[in-house]
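The values are calculated or read from the model by the stated rules, or taken from the named source; none is laboratory data. As the structure is a computational prediction, the values presented were derived from the model and not from experiment. Reconstructed Cβ throughout: ideal geometry from the backbone, glycine too, with neighbour counts over all protein chains shown.
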Amino acid sequence: MIITTGDNEAPEAVERAKALSIESGVQYVRRNRTSMSKLSERYGNTDILVIVEGGARLIRSDGESFMFHPSMAFVRAKRLLKGQNDTMLDVAKVTPGDTIIDCTAGLGSDSAVFSLAAGPDGEVIALEDSLPLWVLLREGFRSYVSGIQAFDDALRRIKPRCIHHLAALREMPDKSADVVYFDPMFRDPIMESSAISPLRMFANNDCLSEDVIAEAKRVARKSVVLKEKKGSGEFERLGFDPVERSHTKIVYGVISLEH
């Protein structure tokens, strides 16, 4: 993988690219008006993270690409700012000041909603073991501009880590977070979208293990929450109580740890 900029190599973009290169250990390469396909070929048909104004674009070696974008998280955030409820937050019982571990950050949508709800006194740690996705998240959280300051501030507060969730949880003390959250990639997708299809090429598609859930229960104070497809069997296998919602194919399961 390499990091570069848009074709015009704006000074601000070059500075961001170099800073991200140092932080991630991924090589920065000058664009120098070279096409992305030629850059990828020159460096061994590699993936490319492109720094652009207000965000970043991840380009696969086969040319398929996608931008960092909060997508539905932005819609959910606007509802929250209007005082409306969010099912994920209700299930997890999130309150301002909470510490939340998003174990499967993906494109960061749920992390963004958690961060807005937890507020300035809270903490959201977004775990992603795919280096390309982590680099995209790191730059997106740091530079994306939505036009709503409260949402942008929430993005800036998220702490992304490039690490497998089991290794990260094993590092954490008992009861050191309020909520531990999982949204694993569905093995049997409900539908393919322009956002999810390329994500599958980078994301970890493994099932959650019983060891992971045991560590999550040790770390969480309030709840462990799992987002899954209705009827997947994962709730029963891993010991979650499903929170049924009508007219939806996606449901949440919870292990409540408060007594």
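A few points about this structure:
- Residue check, residue 97 free of Cβ contacts under 8 Å to residues at least 40 places away in the same chain and not assigned by TED's automatic domain parsing to the domain that holds residue 12: yes
- Boolean, residue 110 is closer than 13 Å to residue 178 by Cα, charged (D, E, K, R) and touching a helix residue (DSSP H, G or I) at 6+ places or on another chain (Cβ under 7 Å): no
- Of the listed requirements (1) of a type outside the set (D, E, K, R); (2) over 23 Å from residue 124 (Cβ atoms); (3) modelled with pLDDT of 60 or more, residue 184 misses just one: (2).
- Only one entry in 60, 76 is out of contact with any strand residue (DSSP E or B) (no Cβ under 7 Å at 6 or more places or on another chain), in the same structural domain as residue 132 (by TED's automatic domain parsing), surrounded by 14 or more Cβ atoms within 10 Å (Cβ to Cβ) and of a type in the set (Lys, Arg), namely 76.
- Only listed residue being touching a Leu at 6+ places or on another chain (Cβ under 9 Å), in the same structural domain as residue 180 (by TED's automatic domain parsing) and among the acidic types (Asp, Glu), chosen from 121, 110, 102: 102
One line per residue, one yes/no per condition, for (1) among the basic types (Lys, Arg); (2) within 19 Å of the chain's Cα centre (by Cα):
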position	(1), (2)
6	no, no
18	yes, no
24	no, yes
36	no, no
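- One residue stands out among those in the range 147-181 that are at pLDDT 95 or above and of a type in the set (Gly, Ala, Ser): the one that is surrounded by the fewest Cβ atoms within 10 Å (Cβ to Cβ), which is 167.
- Residue 43, sole failed condition from (1) within 25 Å of the chain's Cα centre (by Cα); (2) surrounded by 12 or more Cβ atoms within 10 Å (Cβ to Cβ): (1)
- Tally of residues being within 14 Å of residue 183 (Cα to Cα) and either exposed (fewer than 11 other Cβ atoms within 10 Å of the Cβ) or of a type in the set (Phe, Trp, Tyr) (or both) across the range 250-259: 1
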